[in-house]
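This report refers to the structure that appears directly beneath it.
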Amino acid sequence: MQLLTQDLRNKLLANGRQQQPLRGTGSEIDFVPVVKLFTPDAGATWLLTEIDPEDPDIAFGLCDLGLGCPEIGNVSLSELAAVRGRLGLPVERDRHFKPDRALSGYAREARRHGRIRA
């Protein structure tokens, strides 16, 4: 399965372009996640909100490697495509994911529980 459809990639890039002039200011946008990626055999999850328009390999979102300390940050899409879990399964896109709050809401809950619960 393709990690990102063209439609998802376009939405992530549009968010990235919108965020770019606001990055590092108090006016940054708290986007609703566009896509959820996960490892079916390793407990890692990523909720992505945007792609850097200057470096389209870099996405931004809530990252949980399954170690009990989810954090907001950047991730390389090409590295995600190469990740394999314990059974050798690749990262997948959750086609049924329906976000119901902004990224900060998911981050607060993930920090409370030690993992993304989406």
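Probe radius 1.4 Å, ligands and nucleic acids left out: which of THR5, THR39 has the largest accessible area, and how do the rest follow? Before the final figure, lay out the partial values.
Working: THR5 50, THR39 10 Å².
Listed by decreasing accessible area, they come as THR5, THR39.
Using the heavy atoms of the protein chains alone and a 1.4 angstrom probe, what is the accessible area of segment 21-118 per residue in square angstrom?
Result: 55 Å² per residue.
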Extension reserve of the ASP41-SER76 stretch, reckoned as 0.36 nm per residue once the Cα distance is removed
10.6 nm
Place a point 7 Å from Cα of GLN20 in the direction of its Cβ. Which residues in segment 35-74 have their backbone N less than 12 Å from it?
51-56
What distance in nm separates the two pseudo spin-label positions at VAL32 and LYS98, each 7 Å out from Cα along the beta-carbon direction?
1.1 nm
What's the carbon and sulfur percent of segment 11-118's accessible surface, probe 1.4 angstrom, rounded to a whole number?
50 percent
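Just the projected area, averaged over all directions, of the convex hull on the alpha carbon atoms of segment 77-118: how many nm²?
Details: hull surface 16.2 nm².
The directionally averaged projection comes out at 4.1 nm².
The values are calculated or read from the model by the stated rules, or taken from the named source; none is laboratory data. In this text, all values refer to a predicted model and were calculated from it rather than measured experimentally. Because the Cβ atoms are built from the backbone with ideal geometry, glycine has one as well, and the counts that use them run over all protein chains shown. Accessible surface areas use protein heavy atoms only, side chains included; no ligands, DNA or RNA. Shrake-Rupley method; radii C 1.70, N 1.55, O 1.52, S 1.80 Å.
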